[in-house]
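First the structure, in the form of structure tokens, and then the observations on it.
The values are calculated or read from the model by the stated rules, or taken from the named source; none is laboratory data. Since we're looking at a predicted model, the values are computed, not measured. Using ideal geometry, Cβ is built from the backbone for each residue, glycine included, and neighbour counts are taken over all protein chains shown. Keep in mind that these areas ignore ligands, DNA and RNA; they rest on the heavy atoms of the full protein, side chains included. Shrake-Rupley method; radii C 1.70, N 1.55, O 1.52, S 1.80 Å.
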Amino acid sequence: MIYSRNRRLRVSDSVRSLVRECSLTTNDFVMPVFVMEGENKEEPISSMPGIFRRSMDLTVKECKELFSLGVKAVNLYMKVSENLKDNTGKEAWNKNGLMQNTIRAIKDAVPEMVVMPDVALDPYSIYGHDGIIENGKIVNDVTNDALARMSVSHAEAGADIVAPSDMMDGRVQVIREALEDSGFTDVGILSYAAKYASSFYGPFRSALDSAPKDNMEIPKDKKTYQMDFHNSREALNEVFKDIEEGADIIMIKPGLPYLDIVSKVREAIDLPIAVYNVSGEYAMVKAAAQNGWLDNDKTIIESLTCFKRAGADMIFTYFAKEAAILLNK
């Protein structure tokens, strides 16, 4: 005779809800936002159905709507004009640049919105790399100095948390010291500690034109600084180093193919963990749903819940607005 029956705790939705191990709410979401020059402009991103590049005024409008839905954080990316790109990335710390003006506009319109600008040079680089190039190589320490200047300019504009996604060695410490020296002790650092060189970034790079350029004199990809997807122990090494250097939140990117990394890092640290549900993951779900192969709404909620189950505290996702609408029903 069977006395122990696991199915007793699955007999109804009410019982299942009562014993549920994790739950998904709008408080978990960070919405990545693409900003471009101009006014009253909106451009669809063909590889990411439902996602747009918007001018600053429409970005502010979108942030107001996100906040009303319960999405309390945005992650900002700029589509930089070609004439502003060079190998130094100096437009990245222009006090009146598009990023800095957008941060100010959002904080003025929605003061409680948590604004997390991306810190990396690839949108500002003529080469499409996250760092400065010298003699055909991405130079680490010179890049770190540029990232620190970029981070301070974001803090001056009103950013709550800076999010270095570049994967240079030691940049968290350099950024932390620069923020401290400039009086921004309360500005946090969300470090992309375990960011893999992934094929799942394709739609994002087309959205910002930030892919490495086809040039024989420079690295053809980002594998000399982003992590090898074959490795997992290396992720813990990166995470521990960033924590020692002053990171407040740890990011793992990409998301769904790397849930083992999320789980492993969760077991090892107590700091908040972010995970990035990247553009390729978004595009796959949308393409399958449009073809009738997946239920769009159910797949979104299930995939986002998987991040929480694995141990993530927050989810950077292009589904944030859509998921918030579903959860608010």
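Residue check: Arg205 meets all listed conditions (1) surrounded by 15 or more Cβ atoms within 10 Å (Cβ to Cβ); (2) among the charged types (D, E, K, R); (3) modelled with pLDDT under 80; (4) in contact with a strand residue (DSSP E or B) (Cβ under 8 Å, 6 or more places away or on another chain) but one, namely (4). The residue that is modelled with the lowest pLDDT, among those in the stretch 1-54 that are out of contact with any Leu (no Cβ under 9 Å at 6 or more places or on another chain), exposed (fewer than 11 other Cβ atoms within 10 Å of the Cβ) and among the hydrophobic types (A, V, I, L, M, F, W, C), is Ile2.
Leu121 - would you say it is over 17 Å from Phe184 (Cβ atoms) and either of a type in the set (D, E, K, R) or without any contact (Cβ under 8 Å) to a residue 60 or more places away in the chain (or both)? When the stated conditions are applied, Leu121 passes them.
Residue count for the stretch 91-112 under the criterion of being touching a Leu at 6+ places or on another chain (Cβ under 9 Å), over 14 Å from Ala155 (Cα atoms) and open to solvent by 50 Å² or more (accessible area, probe 1.4 Å): the result is 0.
Would you call Leu66 within 16 Å of Pro164 (Cα to Cα), crowded, with 16+ Cβ neighbours inside 10 Å and aliphatic (A, V, I, L, M)? For Leu66, the condition - within 16 Å of Pro164 (Cα to Cα), crowded, with 16+ Cβ neighbours inside 10 Å and aliphatic (A, V, I, L, M) - is not met. Taking the criterion of being acidic (Asp, Glu), over 20 Å from Asp166 (Cα atoms) and in contact with a Pro (Cβ under 9 Å, 6 or more places away or on another chain), the only residue of the stretch 235-285 that qualifies is Glu281.
Across the stretch 25-43, the number of residues qualifying as farther than 10 Å from Ala320 by Cα and part of a strand (DSSP E or B) comes to 6.
The selection criterion, being closer than 13 Å to Met31 by Cβ and surrounded by fewer than 21 Cβ atoms within 10 Å (Cβ to Cβ), holds for Lys72.
Scan the stretch 55-69 and tell me whether some residue there is closer than 22 Å to Asp130 by Cβ, not basic (Lys, Arg) and not in a helix (DSSP H, G or I). No, the stretch 55-69 has no match at all.
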